[in-house]
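See below for the structure under consideration.
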Amino acid sequence: MAAAAVAAAPSARKGETYTDTKRRDDVRGANIAAARAVADAVRTSLGPRGMDKMISSGDQEVIITNDGATILSRMSLLQPAARMLAELSRSQDAAAGDGTTTVVVLAGALLRRAQSLLAAGAHPTAAADSLHRLAARAVQVLEGMAIPIELTDRDSLVKSASTALNSKVVSQYSSLLAPLAVDAALSVVDPAHPELLDLRDIRIIKKLGGTVDDTELVRGLIFDKKASHAAGGPSRIENAKIAVIQFQISPPKTDIEQSVIVSDYAQMDRILREERNYILGMVKKIKASGCNVLLIQKSILRDAVTELSLHYLAKAKILVVKDVERDEIEFITKTLNCLPIANIEHFREDKLGYADVVEEVSAGDGKIVKITGIRDMGRTATVLVRGSNQLVIDEADRSLHDALCVIRCLVNKRFLIAGGGAPEIEMSMQLAAWSKELHGMESYCIKEFADALEVIPYTLAENAGLNPIAIVTELRNRHAKGEKNTGINVRKGQITNILEENVVQPLLVSTSAISLACECVRMILKIDDIVTVR
């Protein structure tokens, strides 16, 4: 009897292989559902016919945009997986600058397919590994479609910038903003380092008034403030000698803890006389160097200038622009090819910048100071963005930034590919064909994920009010015949060769989108529990 019980025990243990995975599945399901909800929220904003979102914050600030990165950065997301999609959009913005909505929509579609694979019994690790291989293969497919370009080919650069602008609120101004963005970007590329483009060398100044048509590229500097007119100072200087100073032209103050007690009028007069002499001495040194335009950095210690110092500077016929921000100093000195002066004792002529004209001009409801004709100007550019209201100006600024990022992508990686859903359909078809050469679970997973890539052309057609099923089926048919560059022409509402319609985008935007989307989905799939800690 005892022997029978001992014999039964091992066989009972052998059969006990059931483990409860319900909690893991629930956590994974909740993560996927939250991330998909975020992707669905921005999906309607994809493409040139995408809808705009009105974002209203608690402090009554309103933003109208269809830029994926802007929408997601303003969303207050609590679920960690949903926040991962917002960070994914930010990563795409940093890497390529464009395609921020595309990358989130792609990730949402891949997660939907992953959910059906898990429901069918696939292991999350198998699905995640398949995604890794799929991303590498997809990049190869895209590189096979790419067309090399040169930076001297201005037309191609303008076409790609126009494509980026066509999906924005200010799309009707793309014929003005695209060439402007290209000229600004090319003017700051250093021939010694042709593969580098630093967007910090392009400054965008926003000024209310006029329309977006009044936006202009300025070869020089613009200050969004008027010149100081105390005591009738000049508002226009020709053959300007410009100094950028980081010290104060005002009487020195005592330390915070100390105070000076003045007991009679003679002492008070003496203090005022000393202050006058101190300021007059500084102004004479400035005038002696030949300087006639003074840019004064904002001071936090004490007033950078006083009424008295402005009076003396006006008498000396020196144009003054005060309250220049500290973080603008580097850009200003690079543009003017001069050095910032930190002390009056170091005020010398060799530290000055030279320009043909410095003048105050009217712009909208205010005035701006414009410096043009700078001698030996550094490789920088300034864009003055105009608009009828603040919402339009902000959106024009964001759109211009996206166009500049597209050109930066082309400077870094000089290849173009077709737009309009053509690369996604081509990737989907080639990856589906490749999956048939593989075996087992990997083949099944890659086939599912390849089908998910069709979400981009499907959404483009849907947002344009076309029949998505008919359009995607026809697109597949044309690509199967070898027409690689066939895509959705949203304007005509039909399928055409998208390269002939000048709808092109940088290769880097698409390769970055597919790589980042796959990486994010892999990370979400590998999470099987959420541990909260205090």
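Taking only the stretch 428-465 into account, find how many residues are under 28 Å from GLY121 (Cβ atoms), open to solvent by 10 Å² or more (accessible area, probe 1.4 Å) and either of a type in the set (Phe, Trp, Tyr) or in a helix (DSSP H, G or I) (or both). Spell out the reasoning first.
Within the stretch 428-465, the subset under 28 Å from GLY121 (Cβ atoms) is 428-455, 458.
Okay, now just the ones that are also open to solvent by 10 Å² or more (accessible area, probe 1.4 Å), so 429-430, 432-434, 436-444, 447-448, 451, 454-455, 458.
Those left that are additionally either of a type in the set (Phe, Trp, Tyr) or in a helix (DSSP H, G or I) (or both): 429-430, 432-434, 440-444, 447-448, 451, 455, 458.
Count: 15.
To keep it simple, each residue is scored yes or no on (1) over 30 Å from GLN172 (Cβ atoms); (2) under 22 Å from the mean Cα position of the chain (by Cα); (3) modelled with pLDDT of 70 or more.
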residue	(1), (2), (3)
ALA3	yes, no, no
VAL6	yes, no, no
ALA9	yes, no, no
GLY15	yes, no, no
ILE32	yes, no, yes
PRO48	no, yes, yes
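Please pick out the residue among ILE407, ILE425, ILE368, ILE329 that is β-branched (Val, Ile, Thr), in a strand (DSSP E or B) and in contact (Cβ under 8 Å) with a residue 24 or more places away in the chain. Let's see the steps before the verdict.
Values: ILE407 fails: in a strand (DSSP E or B); ILE425 fails: in a strand (DSSP E or B); ILE329 fails: in a strand (DSSP E or B).
On inspection, the qualifying residue turns out to be ILE368.
Go through the stretch 480-505 and count every residue that is under 30 Å from ALA127 (Cβ atoms) and either touching a Pro at 6+ places or on another chain (Cβ under 8 Å) or open to solvent by less than 10 Å² (accessible area, probe 1.4 Å) (or both). Step through it out loud before you land on a result.
Within the stretch 480-505, the subset under 30 Å from ALA127 (Cβ atoms) is 480, 484, 487-488, 505.
Keeping just the survivors that are either touching a Pro at 6+ places or on another chain (Cβ under 8 Å) or open to solvent by less than 10 Å² (accessible area, probe 1.4 Å) (or both) gives 487-488.
Counting residues in the stretch 480-505 that are under 30 Å from ALA127 (Cβ atoms) and either touching a Pro at 6+ places or on another chain (Cβ under 8 Å) or open to solvent by less than 10 Å² (accessible area, probe 1.4 Å) (or both) gives 2.
Condition test on SER362, is it outside the structural domain of LEU142 (by the TED database), surrounded by fewer than 20 Cβ atoms within 10 Å (Cβ to Cβ) and without any contact (Cβ under 8 Å) to a residue 60 or more places away in the chain?
Working: outside the structural domain of LEU142 (by the TED database): yes; surrounded by fewer than 20 Cβ atoms within 10 Å (Cβ to Cβ): yes; without any contact (Cβ under 8 Å) to a residue 60 or more places away in the chain: yes.
Taking the combined requirement at face value, the residue satisfies it.
Could you identify the single residue in ILE237, ILE271 that is buried (at least 19 other Cβ atoms within 10 Å of the Cβ) and closer than 24 Å to TYR312 by Cα? It would help to see each step written out before you state the result.
On the way: ILE271 fails: buried (at least 19 other Cβ atoms within 10 Å of the Cβ).
Exactly one residue qualifies, and that residue is ILE237.
When SER174 is evaluated against the numbered criteria (1) part of a loop (DSSP other than H, G, I, E, B); (2) crowded, with 16+ Cβ neighbours inside 10 Å, which criterion, by number, is the only one it fails?
With (1) part of a loop (DSSP other than H, G, I, E, B); (2) crowded, with 16+ Cβ neighbours inside 10 Å applied to SER174, the lone miss is (1).
Out of ALA96, ALA107, ALA82, which single residue is in contact with a Pro (Cβ under 9 Å, 6 or more places away or on another chain) and either surrounded by fewer than 20 Cβ atoms within 10 Å (Cβ to Cβ) or not polar (S, T, N, Q) (or both)? Show your work before the answer.
Numbers: ALA107 fails: in contact with a Pro (Cβ under 9 Å, 6 or more places away or on another chain); ALA82 fails: in contact with a Pro (Cβ under 9 Å, 6 or more places away or on another chain).
Residue meeting the stated conditions: ALA96.
Considering only the stretch 65-76, I want to know if a residue exists there that is at pLDDT below 90, in contact with an Asp or Glu (Cβ under 7 Å, 6 or more places away or on another chain) and part of a strand (DSSP E or B).
The answer is yes, given that some residue of the stretch 65-76 is at pLDDT below 90, in contact with an Asp or Glu (Cβ under 7 Å, 6 or more places away or on another chain) and part of a strand (DSSP E or B).
Could you list, ordered by first residue, the pairs with Cβ atoms under 9 Å in which the first is in the stretch 336-356 and in the same structural domain as LEU295 (by the TED database) and open to solvent by 60 Å² or more (accessible area, probe 1.4 Å) and the second is assigned to a helix (DSSP H, G or I) and of a type in the set (Val, Ile, Thr), at least 6 apart or interchain?
LEU339/THR333
The values are calculated or read from the model by the stated rules, or taken from the named source; none is laboratory data. On a predicted model such as this, the values are computed, not experimentally measured, just so you know. Glycine gets a Cβ as well: all are built from the backbone with ideal geometry, and neighbour counts include every protein chain shown. Each accessible area value is taken on the protein alone, full model and side chains, heavy atoms only, with ligands, DNA and RNA left out. Shrake-Rupley method; radii C 1.70, N 1.55, O 1.52, S 1.80 Å.
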